[in-house]
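Working notes, beginning with the structure itself.
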Protein chains: 2
Amino acid sequence: MEENKFFESLTVLICEKKFHKLRAALLATNPVDIAEYIMRCDAKDRLLVYRILPKELAAEVFAYLDTDIRQVLVNSFTDEELTSVLNELFLDDTIDFLEEMPAYVVKKVLEHTDPDKRKIINQFLQYPDDSAGSLMTIEYVALNKNYTVDEAIWRIRRIGIDKETVYTAYVTDGKRVLEGVVTVKDLLLAKNEEIIAEIMDENVICAHTGDDKEKVSETFKKYDLMSMPVIDAEGRIVGIITIDDIVDVIQDEDTEDFEKMAALRPSEKPYLKSSVFTLAKNRISWLLVLMLSGIVSGILLGAFEDALLPVLVAFMPMLTDTGGNAGSQAATLVIRGLALGELNVKDYLKILWKEIRISLLLGSVLAAFTFVRFVIQYAVIRKDDIGVNAFLAAIVVSISVLFVIIMAKTVGSMLPIVAKKLRLDPAIMAAPLITTMIDALSLTFYFGMAKAILGI
Amino acid sequence: MEENKFFESLTVLICEKKFHKLRAALLATNPVDIAEYIMRCDAKDRLLVYRILPKELAAEVFAYLDTDIRQVLVNSFTDEELTSVLNELFLDDTIDFLEEMPAYVVKKVLEHTDPDKRKIINQFLQYPDDSAGSLMTIEYVALNKNYTVDEAIWRIRRIGIDKETVYTAYVTDGKRVLEGVVTVKDLLLAKNEEIIAEIMDENVICAHTGDDKEKVSETFKKYDLMSMPVIDAEGRIVGIITIDDIVDVIQDEDTEDFEKMAALRPSEKPYLKSSVFTLAKNRISWLLVLMLSGIVSGILLGAFEDALLPVLVAFMPMLTDTGGNAGSQAATLVIRGLALGELNVKDYLKILWKEIRISLLLGSVLAAFTFVRFVIQYAVIRKDDIGVNAFLAAIVVSISVLFVIIMAKTVGSMLPIVAKKLRLDPAIMAAPLITTMIDALSLTFYFGMAKAILGI
């Protein structure tokens with residue numbers, strides 16, 4: 001709310017053409033908020049607001065704008081403005097930006113970059129989307145191990161201004177091979193005349209350009225890192241990854257798991273920016289697969305035609321829903337445990353044993369509850385003929401509840417582990433797929449029992 | 001695998017009583033890995049390995065151990081060892097540790113803390129579990145705005161060793177009221193004689209002790225922060241929050257959403273460390289609620305007794321499963337969008353309009369598919385009497401598919417928004433609850449249509 005008022009006051013300044021005041025107000029505002037203001041602005045005012053910013057701040061704001069707004073701005077930029085943004089942007093932001101732009105914009109941008117930087121950009125654009133390489137930036141501080149602490153601090157003070165992080169410096173030899181790291185904290189707390197080689201940590205946790213970014217984010221979390229060097233096959237440092245990009249990776253991975261668990265193909269863009277057709281496309285494949293597998297339940301039910309008495313059919317939704325819920329509870333805990341590294345494929349016996357005990361506990365309670373409910377409903381309240389013995393039918397329904405819970409917990413907890421073992425993503429084994437399997441097994445057991453016990 | 005070999009080599013050193021070599025090997029190992037080794041060790045070796053570490057490293061390793069192992073160690077500690085760990089641990093780690101320990105351990109620990117620290121610990125222990133206060137640490141660097149850059153760097157070099165982060169310094173007045181921040185980067189890149197007041201950023205993004213930690217983590221993400229000061233009602237700085245704790249908050253919040261969406265009560269401990277009884281307790285309440293609501297479907301079906309022909313019953317699982325899946329797809333996207341701040345309650349009309357178009361597209365395809373399948377199965381392959389006209393029945397089933405998809409997408413996308421509007425957690429509106437609602441609506445429509453069109 002406060003934000004909105006502030007944004008309105010900026011718009012008033014634009015209307016009244018008080019551009020000095022506007023500039024002063026923007027200079028006192030966080031770049032993230034300026035970006036948000038530009039995105040909410042009328043289209044005609046966007047370029048005006050952007051152009052009023054000093055160029056360093058403008059580049060920072062640019063890094064926080066949405067793709068579509070960036071593209072509009074780039075199209076209206078003069079050549080000088082484009083060059084200026086490119087000089088000020090960190091390399092990782094430049095790469096992110098270029099990956100989202102249509103080819104003609106990329107061409108225009110590359111034409112305005114000097115040949116050295118163009119070469120690096122082209123190299124960075126080639127790293128696969130899910131690799132450590134795609135997260136890197138090259139703005140890091142490199143030191144020589146023979147420097148003294150004093151020389152190192154002096155060097156950081158001289159060149160640090162262009163670097164994304166000055167807090168970890170990387171010690172490299174003449175061929176850029178990584179030899180160690182030293183943090184600014186180490187430097188500040190050491191004596192001026194100490195040699196870097198003596199205080200550097202040689203035990204560097206680093207990634208290779210081709211490493212999967214999920215693996216990289218796990219290492220960040222495990223070791224509570226703030227940044228991590230990325231090396232090539234020869235051990236040479238090619239860039240660094242910083243924690244702010246890892247936070248995004250963690251959230252993207254979680255979003256992907258949420259989507260997979262709900263039978264969605266992972267989306268590329270936020271919901272409101274995706275077209276109806278794209279959203280429908282991401283959903284239809286799984287819906288079709290699951291609908292096809294619904295045929296299985298239909299065919300199974302066909303085999304029990306005589307047993308489809310109204311009183312038994314009335315309990316079908318309760319049985320299949322309970323099975324689906326019980327299964328997805330177990331599946332979710334196992335999938336999340338695997339994703340966070342708290343569970344391992346090797347734990348499968350422990351998990352199975354736990355789930356069996358849980359389902360005996362839950363199953364007995366729910367079966368007892370069902371039995372009582374059935375008897376009250378069909379033998380106490382409603383005394384007309386339901387076609388079968390009410391007590392026997394109550395037994396059939398409640399034994400089925402027990403069976404469904406045990407079976408659902410077993411299937412739900414084990415399928416993600418099987419997926420992981422087969423090197424598939426455990427998340428795709430969640431609710432929808434499990435529901436379909438559990439449906440088929442539950443209905444077969446239920447009507448099979450009914451036929452056997454009730455003699456129909 | 002590599003890790004396991006290394007751990008085995010350490011165990012061999014213990015067996016051969018080569019403690020000097022063991023100590024040397026441990027000194028070259030990351031504290032996180034040492035903690036992992038101690039947790040995997042035989043119980044009898046744990047204290048031995050821990051005691052071999054120098055005290056600063058020991059405290060760092062201690063911060064990475066699991067609760068149960070910490071408790072075992074604390075119980076075997078001498079008073080001196082306990083005091084030493086407490087002196088070396090950062091305050092936020094001390095608080096986390098104390099919150100997990102039984103009362104008698106907390107008492108023992110507090111007896112070994114000096115009165116000043118004990119007062120702070122007691123104050124910190126009182127912040128609610130989900131508040132900014134519970135994430136804070138007090139190890140920050142405070143500066144006076146009249147210092148020169150040179151004096152500030154000198155001060156950091158002198159006192160920084162005890163601080164969790166030395167990279168952001170907080171400028172405060174005599175009463176600890178926060179006046180601005182200055183990063184070590186700013187200091188390093190400024191001239192020695194500049195005054196802090198001139199280079200500090202007065203526009204500080206900060207949290208209040210009582211702020212919800214989810215809100216704090218959103219601010220961290222929005223502004224790409226590394227740390228954030230926490231102030232009290234009088235604007236005095238009481239502590240700082242660092243990004244490593246925020247990464248944990250993000251993951252915990254996501255885990256909680258996964259659990260809620262699978263009809264689980266949020267768990268306190270990892271799966272393998274939770275008892276069967278606790279796990280069952282977290283699952284039973286929702287299973288009972290959903291089972292009770294399954295009664296509604298049962299009663300509705302009871303009203304359609306005459307319409308429960310085998311051919312129609314055979315399509316029930318397909319219809320309810322498709323509805324459940326379609327609904328949870330929409331619900332998941334909306335819940336996740338709300339959680340990430342990409343969607344807002346105000347967007348409800350945009351979302352509704354999008355979902356209606358998506359469901360018309362998906363619904364038509366799936367209805368056409370169902371119609372063709374029904375006709376082939378019942379009019380082409382199997383020509384015996386199914387009790388009703390096969391074409392009319394095919395129309396009933398496929399119109400129901402279309403209806404179910406539209407209804408499921410609407411319910412699935414709107415319920416989380418309603419929850420958010422009512423200040424409930426949107427995640428509890430996910431799959432299970434929606435499935436139950438969709439079941440009831442689908443079955444009513446399906447058998448209602450059947451009665452009307454097929455005249456049964």
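The values are calculated or read from the model by the stated rules, or taken from the named source; none is laboratory data. Here the structure is a predicted model, which means the values were calculated and not measured. Note that each Cβ is placed from the backbone with ideal geometry, even for glycine, and that neighbours are counted across all protein chains shown.
Observations on the structure shown:
- Scanning the stretch A:67-92 for residues being surrounded by 15 or more Cβ atoms within 10 Å (Cβ to Cβ) and either outside any helix (DSSP H, G or I) or in contact (Cβ under 8 Å) with a residue 40 or more places away in the chain (or both) gives a total of 5.
- The one condition in (1) without any contact (Cβ under 8 Å) to a residue 12 or more places away in the chain; (2) touching a Lys or Arg at 6+ places or on another chain (Cβ under 8 Å) that A:Leu264 fails to fulfil: (1)
- Residue in the stretch B:28-40 that is among the charged types (D, E, K, R), touching a residue at least 24 places away in the same chain (Cβ under 8 Å) and closer than 23 Å to B:Asp114 by Cβ present: no
- Residues that are at the interface with chain A (Cβ under 8 Å from one of its Cβ atoms) and closer than 23 Å to B:Thr435 by Cβ within the stretch B:336-367 comprise B:Arg336, B:Gly337, B:Leu343, B:Ile351, B:Lys354, B:Ile358, B:Leu361, B:Leu362, B:Val365, B:Leu366, listed in sequence order.
- B:Ala103 vs. criteria surrounded by fewer than 17 Cβ atoms within 10 Å (Cβ to Cβ), over 22 Å from A:Arg155 (Cα atoms) and among the small types (Gly, Ala, Ser): yes
- Each residue in the stretch A:225-251 was checked for being under 19 Å from A:Asp130 (Cβ atoms) and within 10 Å of chain B (Cβ to nearest Cβ), and 9 of them qualify.
- Some residue of the stretch A:440-448 being assigned by TED's automatic domain parsing to the domain that holds A:Leu308, crowded, with 21+ Cβ neighbours inside 10 Å, of a type outside the set (Lys, Arg) and under 18 Å from A:Ala262 (Cα atoms): no
Each row is one residue, and each column tells you yes or no for (1) out of contact with any Leu (no Cβ under 9 Å at 6 or more places or on another chain); (2) in the same structural domain as A:Gly412 (by TED's automatic domain parsing); (3) at pLDDT below 85.
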position	(1), (2), (3)
A:Gly302	yes, yes, yes
A:Asp306	yes, yes, yes
A:Ala314	no, yes, no
A:Leu319	no, yes, no
A:Gln329	no, yes, no
A:Leu338	yes, yes, no
A:Asn344	no, yes, no
A:Tyr348	yes, yes, no
A:Leu360	no, yes, no
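- Each residue in the stretch A:109-159 was checked for being in contact (Cβ under 8 Å) with a residue 12 or more places away in the chain, within 14 Å of another protein chain (Cβ to nearest Cβ), surrounded by fewer than 20 Cβ atoms within 10 Å (Cβ to Cβ) and assigned to a helix (DSSP H, G or I), and 3 pass.
- Of all the listed residues (A:Val397, A:Val418, A:Val404), the sole one being in the same structural domain as A:Leu340 (by TED's automatic domain parsing) and either hydroxyl-bearing (Ser, Thr, Tyr) or surrounded by fewer than 20 Cβ atoms within 10 Å (Cβ to Cβ) (or both) is A:Val418.
- Selection of the stretch B:318-349 for residues being of a type in the set (D, E, K, R) and under 28 Å from the mean Cα position of the chain (by Cα) yields B:Arg336, B:Glu342, B:Lys346, B:Asp347.
- In the stretch B:260-270, residue nearest to B:Asp212 (Cα to Cα) [restricted to those that are surrounded by fewer than 20 Cβ atoms within 10 Å (Cβ to Cβ) and within 8 Å of chain A (Cβ to nearest Cβ)]: B:Ser267
- Residue list for the stretch B:1-50, filter: hydrophobic (A, V, I, L, M, F, W, C), in a helix (DSSP H, G or I) and within 30 Å of the chain's Cα centre (by Cα): B:Val32, B:Ile34, B:Ala35, B:Ile38, B:Met39
- Tabulated pairs, the stretch B:417-439, first closer than 17 Å to B:Asp347 by Cα and at pLDDT 80 or above, second assigned to a helix (DSSP H, G or I) and of a type in the set (A, V, I, L, M, F, W, C), C-beta under 6 angstrom, 6+ apart or interchain: B:Ile417/B:Val345; B:Ala419/B:Met429; B:Lys420/B:Leu338; B:Lys420/B:Val345; B:Lys421/B:Val345; B:Pro426/B:Ile335; B:Pro426/B:Leu338; B:Pro426/B:Ala419
- Residues that are within 8 Å of chain A (Cβ to nearest Cβ) and either in contact with a Cys (Cβ under 6 Å, 6 or more places away or on another chain) or crowded, with 18+ Cβ neighbours inside 10 Å (or both), drawn from the stretch B:285-296: B:Trp286, B:Leu287, B:Leu290, B:Met291, B:Gly294
- Some residue of the stretch A:356-375 being aliphatic (A, V, I, L, M) and surrounded by 24 or more Cβ atoms within 10 Å (Cβ to Cβ): yes
- Test: B:Asp439 is within 27 Å of B:Leu264 (Cβ to Cβ) and at the interface with another protein chain (Cβ under 9 Å from one of its Cβ atoms): yes
- Filtering B:Met261, B:Met226, B:Met291 for residues that are under 30 Å from A:Ala63 (Cβ atoms) and in contact with a helix residue (DSSP H, G or I) (Cβ under 8 Å, 6 or more places away or on another chain) leaves a single hit, B:Met226.
- Filtered residue count, the stretch B:297-323, keeping only those that are more than 7 Å from every other protein chain (Cβ to nearest Cβ), touching a Ser or Thr at 6+ places or on another chain (Cβ under 9 Å) and crowded, with 24+ Cβ neighbours inside 10 Å: 2
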